[in-house]
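I have placed the structure first, in the form of structure tokens, so that the comments after it can refer back to it.
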Amino acid sequence: MALLRRRKASEAEKAQHSGSKSDKEIERTDEENDKNINNRKKAKKAKFEGKKKWSCLDSCCWFIGCICTVWWILLFLYNAMPASIPQYVTEAITGPLPDPPGVKLRKEGLTAKHPVVFVPGIVTGGLELWEGHQCAEGLFRKRLWGGSFGEVYKRPLCWVEHMSLNNETGLDPSGIRVRPVSGLVAADYFAAGYFVWAVLIANLARIGYEEKTMYMAAYDWRLAFQNTEARDQTLSRIKSNIELMVATNGGKKAVIIPHSMGVLYFLHFMKWVEAPAPMGGGGGSDWCAKHIKAVMNIGGPLLGAPKAVPGLLSAEAKDIAAARAMAPGFLDNDLFRVQTLQHVMRMTRTWDSTMSMIPKGGDTIWGDLDWSPEESYVPRKRKQRDNDSQTAEQTDTETLDSQKKGINYGRIISFGKDVAEAPSSEIERIDFKGAIKGNNVANITSCDVWTEYHDMGIEGIKAVAEYKVYTAGSLLDLLHFVAPKMMARGDAHFSYGIADNLDDPKYEHYKYWSNPLETKLPNAPDMEIYSMYGVGIPTERAYVYKLSPYSECYIPFQIDTSADGGKEDSCLKDGVYSIDGDETVPVLSAGFMCAKGWRGKTRFNPSGIQTYIREYDHAPPATLLEGRGTQSGAHVDIMGNFALIEDIIRVAAGATGEDLGGDQVYSDIFKWSDKINLPL
Amino acid sequence: MASILRFRKLCYVEPVKCSSLGFESFETPKIEKKDDRGAVKAVESTVGEKQKKKSSKRQPREWRCMDYCCLTVGYVCTAWWLLLFLYHCLPAALPGFQVPEAPGARLRREGLTALHPVVLVPGIVTGGLELWEGRPCSEGLFRKRLWGGSFTEIFKRPLCWLEHLTLHNQTGLDPPGIRVRAVPGLVAADYFAPGYFVWAVLIENLARIGYEGKNLYMAAYDWRLSFQNTEIRDQALSRLKSKIELMFVTNGNKKVVVVPHSMGVIYFFHFLKWVESPPPMGGGGGTGWCAKHIKAIMNIGPAFLGVPKAVSNIFSAEAKDVAFVRSMDPGVLDSEILGLQTLEHVMRVCRTWDSIISLIPKGGETIWGNLDWSPEEGYNCDLAKKRYAQPSLLDSNDTNSDGKMEFQIKESVRYGRIISFGKATSQLPSSQLPNLGSKDFLRTSNPTKFNSLCSEVWTEYDEMSRDGIRKIAENKAYTARTFLDLLRFVAPKMMQRAEAQFSHGIADNLDDPKYAHYKYWSNPLETKLPDAPDMEIYCLYGVGLPTERSYVYKLSPTDRCKSIPFRIDSSAEGSDGGCLKGGVYFVDGDESVPVLSAGFMCAKGWKGRTRFNPSGIATYVREYRHKPPASLFEGRGVESGAHVDIMGNVALIEDVLRVAAGATGVEMGGDRIYSDIMRMSDRINLRL
């Protein structure tokens, strides 16, 4: 129809000359029979139209106009639509929605009691610019991280420059100050429409929480934990805010809800706050007992996340840095002139915090060449929510089946699929540590982006590959070899071992504070620690690597995406061995401390703080209308999980772990924990 | 028939260029031309089905109009996008147009760096408010701004919006089921609405010399509440205390520089007393807290002694911007969005806000003048205008202006009569005023309820008898003291709430134990400054703008449903260049706060060691002469003296930055005065 109209108009124009003449003739002929008024009108109209030039430009404009108008009308209708319609439609399709937990619990009579502190994880917190170079003109107090990420497109190099930290100190580069956004807005939504804490906040508000009883402990997640105190005094602020909230809420202790890396950050905080003043916060040895009711860790990588490894080694993890998560979309493209990965890698390597998530506890926890706690794991069949017994049976039968060829999860990195599967006796390993890091023959100047790999030389790279297999223990040596500068910084702030004697005075140094295997929990017998995490999603656990085709400017290692397991639901896919978890953190890392390491009175938990494991079985959203689902178990989406929110609200309103029903376990975490031989 | 004709024309046209579409009968038009109707029909049949379909589709003529519409819209959109694109492509600095360097950048080159932590205290109206819990009509507004930002909800659901901003009429706290809270953080008041900066410019300049989140704090509070209620409901004062202590400690024990604005000045003044008072009522910081933690208080546009604007706002909801609602008024609120009763609605909402009452002129007739006398008498608006316009002429014209001044005194304005009914009354000598005792009308009880059925909106005026209203008008003129009696009569409930929270008098004996009550803490004439001899207090304000000082009122026409019986008599005009305009007498000030209110305490009340300032805290008056923006490029101007725009005044920013970086008042040059504040202060007979 539109086309027809268009054509008619253009015809009218071209017929201008002949048309006017012939029109007169028509008039003459029809005069007797017709009302010529009509004709005159027509003729006038024809002339009028003739004056307009219906060129291509006009058509375009007309088209745009049409689209705009339609768009506006739709927008108007959308805005005029009562807010309840989407909900109505959803309910019509999927049946009545359950009440959001906040509403439900409010009806039960729950009200705000304990002040609540959120500790966001890595990546999800917003960062804004306070001082920048010339290229960042006009971005003052605008978000560089979080929000719309508009600047990534507009000035990618400038953006990378401002997001990077100083490679030596791990602090601000000169002339650049990027600071965390403060307040609840820091991490309620990561990007527009992508909630992180917003759902939880909204539900807490339903039972009466507000700004004075909720606090978002936003920190610069790029920095090493102790550096957030050194640069921004973040730990002091958190301490002061918790004290204030406890004081103004009639002495009710705070409920802390850390998520992801925030769990480690808060573990660090608990040590810091009780440590004496120059290094710590000087709160005294009963600060935690006085101020904290419960720590409800959500998806906490207490023992690290294997994803951090490829992230550091080859910038290939999928979402350790969300930069990479967005990567398939645009970062892999030529935005940065082909070298996206190198740019990202150089940037993320200046972020000390990523090193806090390197797997901790070495071979004891993560397994060695031949053994791993999860070795008999078989992915559960897509679980059916209601018949748990059936699922269990299936698992049992299949376990037997596959025990013969258990996967060597302990080999976190293996070069080549065959190496990953071979028995350890058949692998020839050549030590790489002595390998000479010959200067790269290729001239570095041709590469825009400098990464430390250029210092390694080809021999070094080869030597790394020759070692074939890396476990959690030898992985650290690898990283030291591959990225000496980064690890030099990292070693000053983090430690990955297991303490033999926790009373050794060296453990008073802050670098041990974020490692649960090298610190004692505070002396607070009334406190409760929860580990809440999703299960039922394949989670990266070990990688098959290969050398990339030789090229000067490229990262020399790559995940071997061609490595695939045979069976359909095999654990090996695209070069990654996966295991049960929440898509980012394996069950072992999230649950072990609460399941075994801190259970009862152990040397890591001398005062016998109660621990609870609450697992949430993943169920993907049933329909598109549900968005990211209300039963999700994924690392970030779990923040919208109704069951988890309900648990949190109950605890915030005063319930204890026993009231919630103690442990809630779907995975094999207790079985795996038993296999780990750690003196307690 | 018409359709046939049109159709035929098409046949004409189409073959000419659209033969590709497959018209077999190229010749038919010619036949048609020669033939008559019969031929037309023949044509119709020959051209065939295809064409018929097309013609029937083209039938509705309205489509043509739509086409044009679409075309126009398309043009406009495209042009708009093009311009937008070009605009974005423009280099930041046009060659011809030099952006003046920000004071922060300049001072940084001078070597200033962040030293003392800075606390910003926003004033009334400028802080954002967001919804935490609401009625069903506010669905989807959770944690969205109701106040500040784009104000879209006013248009979408005006009554719902008003309902949520209203406080409880008795307690002055939340109505049941509604929780509206202050937005926290710097975003609370950096911009009031998109593009309308409040603190943003100052923040940006502070950042240039190194300030950031850890040493810059915005003490946002719910500005609708009375000051003590912000502590009771939100613990806002406790938070502020804790934040100042924290910043003091984490910044190497550097004392804090506090920068309050407008009503924030009184709020922070209240805080000073609160923090040192013992716990149940106060913050328990102990004496010496202020001395230990505060270096300087830089009051911007301080409304220490109240603003006359508050009077008219409370009395008849007519002030121009004490409630910004009114300033948006002419455009929006006066129209009939709320069903004719906009003003009443606004009035009802504003009257539940206790904070407005903190702005009622304080100090009574001693400060603001009585029926015959006022400290500002002799002020000549016309002259003042000239003086500010040509500052250089000031000295040379001194004698001349003195002469004029004397001439002026004869018909000088009686500013003391804050409200007078009728222009004549405002100018009569006091002896001719009807000698009705001011207390008289208070006794007239008002049992006859006005027919309140007709008005949906309840305001307290409905409960007043017509008699009472007339009596009020008969009393003719009110001063700052009698005005309070008037308010007690007119709005008894509001004043009952308010008198528990605020006091507007002058203390005879500051050591009287009654002054330990919090209701006196925000009145500088009824409290002592803390014992902090090293602290500095600055009064920074703009001068050179006509500022409302007193009003000429009239009775509204007796329309029963017009439930506000009084309104400003906007027909009352003075002579050319006079101070009376639109029923309002003007005086020097920053458009909201008269010089007297802003400057008196620093200029006299606290100068040296007085009974209000026993420890002799140094005070400085810094005035900023208003200069309108020279060109459109400057936006709201870099030398403005207006109440809010002064926050973008370069000189003021520089002063704040210097003090924050460690300078003292003496180093900055002490007082800087353009107005008559010293002379006015001298005329005020206040025991010090």
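The values are calculated or read from the model by the stated rules, or taken from the named source; none is laboratory data. Note that the coordinates shown come from a computational prediction; the quantities given were computed from them, not determined experimentally. Don't worry about glycine lacking a Cβ; one is built from the backbone with ideal geometry, like all the others, and counts go over all protein chains shown. With ligands, DNA and RNA removed, areas are computed over all heavy atoms of the protein, side chains included. Shrake-Rupley method; radii C 1.70, N 1.55, O 1.52, S 1.80 Å.
What are the ³J(HN,Hα) values, in whole Hz, obtained from phi via the Karplus relation 6.51 cos²θ - 1.76 cosθ + 1.60 with θ = phi - 60°, for each residue of the range B:587-592 in sequence order, with x given for Gly and Pro?
Going residue by residue, I get 8, 5, x, 10, 5, 10 Hz, with x marking Gly and Pro.
Per-residue Cβ counts within 10 Å, from other chains only, averaged over B:174-184: what number is that?
Counting Cβ atoms of other protein chains within 10 Å of each residue's Cβ and averaging gives 2.
Rounded to a whole number of µm²/s, how large is the Stokes-Einstein D of the range A:127-180 at 25 °C and 0.890 mPa s, given Rh as the Kirkwood radius over C-alpha pairs?
Value of D from the Cα-based Kirkwood radius: 222 µm²/s.
For residue B:193, list long-range residues whose amide hydrogen, built 1.01 Å from N in the peptide plane, is under 5 Å from its own amide hydrogen.
Here B:149 satisfy the definition.
Amide H neighbours of residue A:413 under 5 Å, counting only residues 5+ apart in sequence or on other chains, H built in-plane at 1.01 Å?
Under 5 Å from the amide H of residue A:413: A:470, A:543.
Using each residue's phi in the range B:160-177, evaluate 6.51 cos²θ - 1.76 cosθ + 1.60 at θ = phi - 60° and report the 3J(HN,Hα) Karplus result to the nearest Hz, with x for Gly and Pro.
Couplings: 4, 4, 4, 4, 7, 8, 6, 9, 6, 5, 9, 8, x, 10, 4, x, x, x Hz.
Sequence gap at least 6, Cα distance under 8 Å: using those rules, report the relative contact order of the range A:127-180 to the nearest whole percent.
Working: 63 pairs, mean separation 25.6, N = 54.
Relative contact order for the range A:127-180 comes out at 47 percent.
How big is the range B:482-624 in terms of Cα radius of gyration and Dmax, in angstroms?
Answer for the range B:482-624, Rg first and Dmax second: 19.3, 59 Å.
For the cross-link pairs A:113/A:671; A:253/A:596; B:156/B:214; A:271/B:273; A:107/A:360, which exceed 32 Å when the distance is taken from alpha carbon to alpha carbon?
Values: A:113/A:671 37 Å; A:253/A:596 26 Å; B:156/B:214 39 Å; A:271/B:273 37 Å; A:107/A:360 44 Å.
The answer is A:113/A:671; B:156/B:214; A:271/B:273; A:107/A:360.
Starting from the Kirkwood radius over alpha-carbon pairs of the range A:158-197, derive D by Stokes-Einstein at 37 °C in a medium of 0.692 mPa s and give it in µm² s⁻¹. Before the final figure, lay out the partial values.
Values: Rh = 12.0 Å.
It diffuses with D of about 273 µm²/s by this estimate.
Express in nm, to one decimal, how much length is gained between residue A:75 and residue A:562 on full extension, taking 0.36 nm for each residue of separation and deducting their alpha carbon distance. Write down the numbers at each step before the final one.
Working: separation 487, 0.36 × 487 = 175.32 nm, distance 4.66 nm.
Here the answer is 170.7 nm.
Residue by residue through the range A:270-287, which ³J(HN,Hα) values in whole Hz follow from phi under the Karplus form 6.51 cos²θ - 1.76 cosθ + 1.60 (θ = phi - 60°), with glycine and proline marked x?
Calculated HN-Hα couplings, in order: 5, 6, 4, 5, 9, 6, x, 4, x, 8, x, x, x, x, x, 6, 10, 4 Hz.
What residues from the range A:508-532 fall in the zone where the backbone N is under 14 Å from a label point 7 Å along the Cα-to-C-beta line of residue A:279?
Answer for this model: A:508-515, A:518-520.
How far apart, in nm, are the 7 Å Cα→Cβ label points at residue A:430 and residue A:290?
The answer from the label model is 6.2 nm.
Which distance in Å, rounded to a whole number, links the C-alpha centroids of the range B:628-688 and the range A:132-161?
About 35 Å separates the Cα centre of the range B:628-688 from the one of the range A:132-161.
What is the spin-label model distance, in nm, from residue A:103 to residue B:86 if the labels are put 7 Å beyond Cα along the C-beta direction?
My value for the distance between the label points is 5.2 nm.
Over the range A:204-291, what portion of Cα pair distances is larger than 15 Å, expressed as a whole percent? Spell out each step's value before the answer.
Numbers: 2286 of 3828 pairs.
Tail of the P(r) past 15 Å holds 60 percent of the pairs.
Can you put A:229, B:376 in order of accessible area, largest first, using a 1.4 Å probe? Provide the component values of the computation, followed by the final result.
On the way: A:229 30, B:376 5 Å².
Largest to smallest exposure gives the sequence A:229, B:376.
To the nearest 10 square angstrom, what accessible area does residue A:424 show with a 1.4 Å probe?
Near enough 30 Å² of accessible area.
Which shape class applies to the range A:559-680: rounded if a/c is under 1.5, otherwise prolate when a/b exceeds b/c and oblate if not, where a ≥ b ≥ c are the square roots of the Cα gyration tensor eigenvalues?
Details: a/c = 2.94, a/b = 1.22, b/c = 2.42.
Verdict is oblate for the range A:559-680.
Project the alpha carbons of the range B:647-687 onto their principal axes and report the range along each, largest first, in whole Å.
38, 21, 15
Rounded to the nearest 0.05, what FRET efficiency do residue A:191 and residue B:109 have when you use their Cβ-Cβ distance and R0 = 41 Å?
Working: r = 38 Å, r/R0 = 0.93.
Computed FRET efficiency for residue A:191 and residue B:109: 0.60.
5 Å is the cut-off here: which amide hydrogens, built 1.01 Å from N in the peptide plane, fall below it relative to residue B:618, excluding neighbours closer than 5 in sequence?
Those lying under 5 Å, H to H, from residue B:618 are B:537.
With the alpha-carbon atoms as the only input, what is the per residue convex hull volume for the range A:106-215 in Å³?
Values: hull volume 12.5 nm³, N = 110.
Spread over its residues, the Cα hull of the range A:106-215 gives 114 Å³ apiece.
Which whole-angstrom value gives the distance between the alpha carbon centres of the range A:605-656 and the range B:112-138?
Each part's Cα centre sits 33 Å from the other's.
Can you pull the one-decimal nm distance between simple spin-label points at residue A:492 and residue B:76, each 7 Å off the Cα toward Cβ?
So the label points at residue A:492 and residue B:76 sit 6.1 nm apart.
Identify, among A:139, A:159, A:175, the residue whose Cα sits farthest towards the positive end of the charge dipole of the range A:127-180, taking +1 on the Cβ of Lys and Arg and -1 on the Cβ of Asp and Glu, with the dipole about the Cα centre.
A:139
Provide, for q = 0.16, 0.19 Å⁻¹, the log10 of I(q)/I(0) from a solvent-free Debye sum over equal Cα point scatterers in the range B:142-232.
-0.78, -0.99
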